[in-house]
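K.L.:
I'd like to ask you about the structure that follows.
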Amino acid sequence: NAGVTQTPKFRILKIGQSMTLQCTQDMNHNYMYWYRQDPGMGLKLIYYSVGAGITDKGEVPNGYNVSRSTTEDFPLRLELAAPSQTSVYFCASTTSGRAGETQYFGPGTRLLVL
Amino acid sequence: GQSLEQPSEVTAVEGAIVQINCTYQTSGFYGLSWYQQHDGGAPTFLSYNALDGLEETGRFSSFLSRSDSYGYLLLQELQMKDSASYFCAVRDQGTGFQKLVFGTGTRLLVSP
């Protein structure tokens with residue numbers, strides 16, 4: 001199993017541009033999450049999904065959108081990039097039985113908005 | 001809301017024992033998790049405590065006291081590769097059982 005994969009690894013955006021961060025997991029996990037991590041800080045939840053077709057906001061959802069059409073994929077969309085969205089973005093997944101305990105993280109996407 | 005407090009940095013030498021504390025305030029506590037993150041890497045799960053007491057996994061142990069809203073991660077026989085950031089995270093009724101709230105992390109520096 002590849003686990004949780006994320007693309008791209010690194011991206012530079014100009015203010016106002018849009019992009020989609022991709023996340024795929026091959027562990028058949030029904031729970032998936034998007035976090036952002038600013039330098040020297042902890043992880044903040046952006047959006048999460050408890051299954052295909054079901055998504056909900058986390059702590060910091062403004063400026064982002066998600067969709068979950070399949071169990072495997074959970075893309076994160078930035079519509080109008082702003083410098084405040086410069087961060088490292090991590091996708092994570094887990095099974096419903098251990099959703100609040102063990103989460104498996106992807107390698108992250110480093111985003112710089114200039 | 002939820003809040004977690006951890007020391008920002010801890011230093012120790014190889015072979016030593018170090019304890020990283022975490023105090024939390026939540027509404028309806030379910031459990032406390034610990035994650036390790038090396039610089040430039042992704043967080044990886046270390047341990048989870050739902051009940052009071054000590055959980056041991058190799059050189060790492062995690063302790064929880066629900067009455068004190070307190071837990072700690074104990075790292076024994078420190079190695080250079082243990083230099084990383086360590087995050088505690090809570091699962092509680094306020095956020096929902098399927099979500100975690102992370103602390104700001106403790107940076108552990110292990111020197112020779």
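No value in this document is a laboratory result; all are computed from the given coordinates. What you see is a predicted model, and the numbers here were worked out from it, not measured in a lab. Neighbour counts run over all protein chains shown; Cβ positions are idealised from the backbone, glycine included.
K.L.:
What is the pair-distance distribution P(r) of the protein assembly as shown, computed from all Cα-Cα distances in 10 Å bins starting at 0, with each bin given as a whole percent?
P.N.:
8, 33, 35, 20, 4, 0
K.L.:
Same structure again: In Å and on Cα atoms, what radius of gyration and Dmax does chain B show?
P.N.:
13.5, 43
K.L.:
Hey, another quick one. Can you work out the FRET efficiency for the pair B:ASP39 and B:SER67, with r the C-beta to C-beta distance and R0 = 30 Å, to the nearest 0.05? Write out the running numbers ahead of the final one.
P.N.:
Values: r = 36 Å, r/R0 = 1.19.
With R0 = 30 Å, the Cβ-Cβ based efficiency is 0.25.
K.L.:
Using only alpha carbon positions, build the gyration tensor of the range B:55-112, then give the equivalent ellipsoid semi-axes as the square roots of 5 times its eigenvalues, largest first, whole angstrom. Show your work: numbers first, answer last.
P.N.:
Numbers: eigenvalues 128, 39, 18 Å².
With the √(5λ) rule applied to the range B:55-112, the semi-axes are 25, 14, 10 Å.
K.L.:
Fewest Cβ neighbours within 10 Å first, please rank B:TRP34, A:TRP34 accordingly. Please report the intermediate quantities before stating the final value.
P.N.:
Numbers: B:TRP34 23, A:TRP34 28.
Ranking B:TRP34, A:TRP34 by Cβ neighbours within 10 Å, fewest first, gives B:TRP34, A:TRP34.
K.L.:
For the range A:11-91, what is the convex hull volume of its Cα atoms per residue in Å³? All intermediate terms of the calculation are to be shown ahead of the outcome.
P.N.:
Values: hull volume 7.2 nm³, N = 81.
In the range A:11-91, the Cα convex hull volume per residue is 89 Å³.
K.L.:
Checking the cross-link filter: which lysines have an alpha carbon closer than 26 Å to that of A:LYS57, excluding same-chain neighbours under 8 positions apart?
P.N.:
Partners within reach: A:LYS9, A:LYS14, A:LYS44, B:LYS99.
K.L.:
Here's another thing I want to ask about it. With a 10 Å Cβ neighbour count serving as the proxy for reagent exposure, in which order, fewest first, do A:TYR35, B:TYR48, A:TYR47, B:TYR70 appear? Can you show the working numbers first?
P.N.:
On the way: A:TYR35 26, B:TYR48 19, A:TYR47 23, B:TYR70 15.
Ascending number of Cβ neighbours within 10 Å: B:TYR70, B:TYR48, A:TYR47, A:TYR35.
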